[in-house]
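Notes follow once the structure below has been shown.
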Amino acid sequence: MKQFTNIDLESEAKHLHRCLFRKSISSAFIKAYEEAHKRLPDLQNISVDESRTLHIISTRQLNAVAIEPWLRGKKQQRHALSAKLLLVSYIAECDGKHPGYSRQRQFGRGIWIFLLFSGFFGLLYGLYLKVRHGLL
């Protein structure tokens, strides 16, 4: 498949990681992200529409986590954004340094209300971004 030509994996990795964990990443993380792109066929054969979408999300610093559910279709193959967010999550989990994977309790009882409202408004915001930027 033909790809969008301007792919900067380093800035893409930084942005996707920031969307998931809200913090910066190490050079080892970037190296692992780039290495995975060389080895995984799903990350090499991305359609032009999906590459364009990834480019817009990365360059305009859009909330990839909010947009991702709206890009899930009834296709058998997952969207490239889903695959890349899963890759970022996997690499982060493997290094064992991310507090998001800690088994310690970090929130009190109000977490359910927070999750409900942040999830609902996050989905609405993601739909707005998808439509506003014409993401496919």
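The values are calculated or read from the model by the stated rules, or taken from the named source; none is laboratory data. If you're wondering where the values come from, they're calculated on a predicted model, not measured in any experiment. All Cβ positions, glycine included, derive from the backbone under ideal geometry; neighbour counts span all protein chains shown. Only protein heavy atoms, including side chains, enter the accessible area calculation; ligands, DNA and RNA are left aside. Shrake-Rupley method; radii C 1.70, N 1.55, O 1.52, S 1.80 Å.
The table below lists the values:
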item: Of all residues making up region 109-133, the number that are loosely packed, with under 11 Cβ neighbours inside 10 Å and either β-branched (Val, Ile, Thr) or touching a residue at least 60 places away in the same chain (Cβ under 8 Å) (or both); result: 2
item: Yes/no for Arg103 being loosely packed, with under 12 Cβ neighbours inside 10 Å and modelled with pLDDT of 95 or more; result: no
item: Pairs with Cβ under 7 Å, 6+ apart, first in region 76-90 and closer than 10 Å to Ile46 by Cβ, second not in a helix (DSSP H, G or I); result: His79/Arg72; Ala80/Ile46
item: Residues (loosely packed, with under 13 Cβ neighbours inside 10 Å and touching a residue at least 12 places away in the same chain (Cβ under 8 Å)) located in region 27-39; result: Ala28
item: Residue within region 82-99 that is at pLDDT below 85, open to solvent by 60 Å² or more (accessible area, probe 1.4 Å) and either of a type in the set (A, V, I, L, M) or within 17 Å of His133 (Cα to Cα) (or both) present; result: no
